[in-house]
Amino acid sequence: MLFEDLSLSNSIQRAVHEEGYTSPTPIQEKAIPHILAGKDLVGCAQTGTGKTAAFAIPIIHNLHRIVGSSKKTKQIRCLVVTPTRELAVQIGESFDTYGKYTNLRQLTIFGGVSQVPQVDQLKKGVDILIATPGRLLDLHKQGFVDFDHLHFLVLDESDLMLDMGFINDVRKIVKLVPTNRQTLLFSATMPMAIRELADTFLNKPEYVSVTPVSSTAEIIEQQIYFVDKTDKRGLLYHLIRNENLSNVLVFVRTKHGADNVVKALKKHGVNAEAIHGDKSQTARQRVLDHFKNKEISVLVATDIAARGIDIESLPYVINFDLPNIPETYVHRIGRTGRAGNGGISISFCSKDEEPYWKDIMKLIKVNVKTIKDHPFPWKDEEPNPDAKPDLRNKKKPEGKNNSRKSEASKKNKKRWY
Ligand code: AMP
């Protein structure tokens with residue numbers, strides 16, 4: 001299928017063409033016709049699949065027809081609710097890109113920064129409003145946001161909104177907008193709670209979904225290191241130093257964990273910074289900019305903070321902690337190997353994370369290379385006459401290998417603890 005086959009207005013075709021897009025991505029191919037036909041839609045798709053354009057393009061097409069050439073005062077016709085500032089900014093940029101040959105005006109609002117410029121823009125009038133939930137409700141309460149003319153409501157990254165505790169805010173927002181709207185709900189995963197939300201907020205929705213698993217796996221070299229929890233920081237530093245890694249995105253499970261990893265790396269002269277929800281929006285953006293222009297070499301992030309970060313050609317992704325949701329693994333490693341460039345994903349698996357790794361293997365169904373030659377193997381891999389054979393270490397010359405490792409392990413441990 002080509003974009004020409006979607007009967008989109010010339011102004012959008014031109015903008016899409018200039019972006020170098022020829023064919024719609026699978027989520028676009030599936031979602032755009034339903035949205036153009038006025039249907040409510042639930043889209044199961046992750047960042048990286050082209051899902052922003054999947055809703056932005058048909059919305060721009062419809063709004064351009066309705067209000068594009070009219071001289072009427074601008075009123076909010078489309079509201080996109082998304083959980084983080086980074087996502088809001090990226091969605092705003094997409095609307096700018098695809099709508100550049102229309103005169104639709106869009107505005108992105110989020111918390112953590114002064115509301116004054118946002119209010120000024122709202123007063124001038126906008127057609128499309130992209131917002132994080134807290135700031136949106138805040139400005140609505142102050143009377144700066146009027147939903148009377150709203151036609152489109154988009155709930156983006158709904159599972160993340162649920163995870164981040166925004167769901168009550170989302171419920172409030174849905175109550176504020178007209179009932180005769182067209183609602184689009186996007187989510188990277190479809191847990192029961194999201195299905196229930198879709199049933200409550202949407203009217204006979206169409207369901208479309210895409211899984212990006214196999215498309216990324218082929219160009220990403222995936223490696224796994226079995227390492228004790230307490231040795232993970234040592235192993236991370238060892239890899240960064242010995243393999244001379246830079247431009248590395250490291251995923252951790254908690255904000256506290258992110259700060260600890262950064263502290264440990266900095267102590268050893270590695271230029272690292274953390275990005276997570278406890279940091280102010282301005283600080284997050286600053287860190288991200290420094291990482292993008294390579295002023296810092298290691299970015300340590302929680303999943304929530306990393307969602308939506310679009311960094312081109314990221315060579316390394318390290319799963320310092322394994323995610324408990326296997327789809328999150330796919331999502332994380334999709335940060336490398338973008339746009340056809342190869343990339344390496346490195347995962348650390350401690351004993352207690354083994355069940356997570358098994359779930360991931362079940363989902364991705366590809367062979368991941370186990371890196372056995374490193375200084376921090378699981379400690380109970382030491383020779384044990386009662387132990388059952390372990391397939392992972394089957395080929396190793398036992399005594400020699402293990403003693404070398406424990407020596408190296410001791411040496412590295414000294415440096416770290
Ligand atoms: P998203 O999933 O919305 O974060 O989009 C991921 C990336 O795919 C963005 O950098 C878009 O510019 C790009 N993209 C979206 N649609 C297409 C398309 N049809 N062809 C090529 N690239 C696209």
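Of 269, 257, which residue is on the phi > 0 side of the Ramachandran plot and more than 16 Å from the ligand (Cβ to nearest atom)? Walk me through how you get there before you give the answer.
Working: 257 fails: on the phi > 0 side of the Ramachandran plot.
When all the criteria are applied, what remains is 269.
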Checklist outcome for this item: All-but-one check, residue 48 against (1) within 15 Å of the ligand (Cβ to nearest atom); (2) touching a strand residue (DSSP E or B) at 6+ places or on another chain (Cβ under 9 Å), failing number (2)
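Given the residues 87, 2, which is the only one that is of a type in the set (A, V, I, L, M, F, W, C), out of contact with any helix residue (DSSP H, G or I) (no Cβ under 8 Å at 6 or more places or on another chain) and under 24 Å from residue 333 (Cβ atoms)?
Numbers: 2 fails: under 24 Å from residue 333 (Cβ atoms).
Answer to the check: 87.
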Next on the checklist: One residue is enough: does the stretch 156-177 have a residue meeting the conditions outside any loop (DSSP other than H, G, I, E, B) and among the polar types (S, T, N, Q)?
Outcome noted: yes
Checklist entry - Looking at the stretch 4-21, which of the residues that are surrounded by fewer than 19 Cβ atoms within 10 Å (Cβ to Cβ) and not in a helix (DSSP H, G or I) is nearest to the ligand (Cβ to nearest atom)? => result 21
Checklist entry - Is at least one residue of the stretch 370-390 closer than 30 Å to residue 210 by Cα and either surrounded by fewer than 20 Cβ atoms within 10 Å (Cβ to Cβ) or modelled with pLDDT of 50 or more (or both)? => result yes
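Could you tell me whether residue 246 is in contact with a Cys (Cβ under 9 Å, 6 or more places away or on another chain) and on the phi < 0 side of the Ramachandran plot? If you could, list the steps in order and put the result at the bottom.
Working: in contact with a Cys (Cβ under 9 Å, 6 or more places away or on another chain): no; on the phi < 0 side of the Ramachandran plot: yes.
So residue 246 does not fit the description; no.
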Next on the checklist: Among the residues of the stretch 84-99, are any more than 16 Å from the ligand (Cβ to nearest atom) and assigned by TED's automatic domain parsing to the domain that holds residue 13?
Outcome noted: no
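Residues checked against (1) over 19 Å from residue 184 (Cα atoms); (2) of a type in the set (Asp, Glu):
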| site | (1), (2) |
| --- | --- |
| 83 | no, no |
| 86 | yes, yes |
| 109 | yes, no |
| 114 | yes, no |
| 118 | yes, no |
| 141 | yes, no |
| 158 | no, no |
Next on the checklist: Report every pair of residues separated by at least 6 positions or lying on different chains whose Cβ atoms are under 7 Å apart, first residue within the stretch 262-274 and surrounded by 13 or more Cβ atoms within 10 Å (Cβ to Cβ), second of a type outside the set (A, V, I, L, M) and assigned to a strand (DSSP E or B).
Outcome noted: 262/273
Next on the checklist: Looking at the stretch 96-113, can you tell me whether even one residue there is in contact with an Asp or Glu (Cβ under 7 Å, 6 or more places away or on another chain), surrounded by fewer than 19 Cβ atoms within 10 Å (Cβ to Cβ) and more than 24 Å from residue 193 (Cβ to Cβ)?
Outcome noted: yes
Item to check | Matching residues in the stretch 1-41 - criterion: being under 22 Å from residue 195 (Cα atoms) and charged (D, E, K, R) | outcome: 30, 39, 40
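Is it true that residue 58 is under 22 Å from the mean Cα position of the chain (by Cα) and within 14 Å of the ligand (Cβ to nearest atom)? Step through it out loud before you land on a result.
Working: under 22 Å from the mean Cα position of the chain (by Cα): no; within 14 Å of the ligand (Cβ to nearest atom): yes.
So residue 58 does not fit the description; no.
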Next on the checklist: List pairs: first residue in the stretch 299-314 and within 16 Å of residue 344 (Cβ to Cβ) and modelled with pLDDT of 70 or more, second residue among the small types (Gly, Ala, Ser) and not in a helix (DSSP H, G or I) anywhere in the structure, Cβ distance under 7 angstrom, at least six positions apart or on different chains.
Outcome noted: 314/343
Next on the checklist: Could you check the stretch 120-137 and list, in sequence order, the residues that are buried (at least 16 other Cβ atoms within 10 Å of the Cβ) and part of a helix (DSSP H, G or I)?
Outcome noted: 121, 122, 133, 135, 136, 137
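The values are calculated or read from the model by the stated rules, or taken from the named source; none is laboratory data. What you see is a predicted model; the values in this text were computed from it and never measured. In this analysis, Cβ positions are derived from the backbone assuming ideal geometry, glycine residues included, and neighbour counts consider all displayed protein chains.
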